[in-house]
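Any read-out appearing in this document is the output of simple, stated calculations on the displayed coordinates, not a laboratory observation. Please read all numbers here as calculations on a predicted model, not as lab measurements. Note: ideal-geometry Cβ built from the backbone for every residue, glycine included; neighbour counts use all protein chains shown.
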Amino acid sequence: MSQRLGFGVFLAPHHPIGEHPTLQFQRDLELAAWADKLQYDEFWVGEHHSAGWETIGSPEMFLVAAAERTHRIRLGTGVISVPYHHPFHIAQRMVHLDHLSYGRAMLGVGPGALPSDAVMLGIDPMVQRQRMDEGLGAVLRLFNDQEPVSIESDWFTLREAALQIRPLQERIPVAVASTISPSGMQTAGKYGVGVLSLASYIEEGLTALPTQWGFGETSAREHGQHLNRANWRIVMPIHLSTSKEQAWREVGDGLKQWQNDYIVGILGTPKRKPFDDGYTAARVLDEHGGGIFGTPEDALDKIERLQKLSGGFGTLLCFAHDWVPRDLALRSYEMLARYVMPHTQGLIRPLQVSADRVQANQVDLMARSSGAVLKAIRDYNEAHPRNK
């Protein structure tokens, strides 16, 4: 792979009901610190307000806490549901996060994933995508325009509005959530920002990848913008272990619980069926391309195929899950960092080239070394002749 591939974590989060929420938040912060220590590039956190499993209501507040526990990893909202907020507040909170993280903030936006959230807030789901587009436009103007911004919308008003503190970064990186419909990609193209592909692990989302980028490029041309594949992030569930079969066994029970209890049982997601057997479900998910399970070598092969299928993307985000015990999850992140990331980032090849060069010339090099030792001995003896 010629392009350096970035790596990150996407934390919705998806936590089964039953654990103390305070301890869940602390474990999530520990994961951010672990990813930072392992040299992951990005950590994204979502916003949800109902359904019991996805429990972070303010990603900005969470990421401020994460900023205090990390040093280099970039911190993104994955995603702020724009229709739930006045755009001025989104812009102001993100600027604050950018300063408190010393310039590591990233803004991810979407229309809102859970219908139950929108209903509680009295928002018609039919207007969410349009409001996300409109709200993002306002946020970007507040970030970047030199003059005050005035907008009269049917759901928010800005009158000579300006941020009194601008972002620490010259430009806060921005990404739009994209699933299966073209709308997310079209919005990204309209504003020339990045993309978060969140549905790549399901069959419809994976099948859509080859055509999704085209929607964004078409929209970008129509609005005089440009999209860069380096700013395309794809989310995939990942678990590494000693073999494929072992990885399937380790994730099986947790994957089954997630699908049956949350995706089907609570959300009632269309076209999703309960799993009878978690091991089989994990194997099918892996073999159909919707998951990366197995050894580091399996992961490298799957990433290469995903790059070819999509046409190329910039960052792979690990979908954070509770499908395996905590120690196995942390081990998987570490295996990815130690054995997969350096191969995709060009860090192993120079080492191998150096080793191959030495190996190919080992006879000559050893002869030179031995000759140098013998010469040193001769030189010493000549300089210090024995007494006769």
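Below is a table of values for the structure above.
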read-out	value
Mean-position separation - Cα centroids, the stretch 271-300 and the stretch 1-65, in angstrom	22
Calculated [θ] (222 nm, deg cm²/dmol) that DSSP helices of n ≥ 4 give over the chain, each run adding -39,500 (n - 2.57)	-15000 deg cm²/dmol
Cα-centre dipole for the chain with unit charges at Cβ (Lys and Arg positive, Asp and Glu negative), debye to 20	1560
For the stretch 318-371 and the stretch 146-176, distance of Cα centres in Å	45
Dipole magnitude of the stretch 206-307, debye to nearest 20 (Cβ charges: Lys/Arg +1, Asp/Glu -1, about Cα centre)	340
Antiparallel %, DSSP beta bridges [both residues in the chain], to 5	10
Charge dipole magnitude, Cβ of K and R +1, D and E -1 - the stretch 82-159, Cα centre, debye nearest 20	220
Computed FRET value (nearest 0.05) for MET366 with ALA33, which takes r as the C-beta separation and R₀ as 41 Å	0.35
Subset of LYS190/LYS308; LYS273/LYS302; LYS190/LYS256; LYS256/LYS302; LYS37/LYS302 violating a 27 Å alpha-carbon distance limit	LYS190/LYS256
Among LEU300, THR211, TRP323 the positive-end extreme of the charge dipole of the chain (Cβ point charges)	LEU300
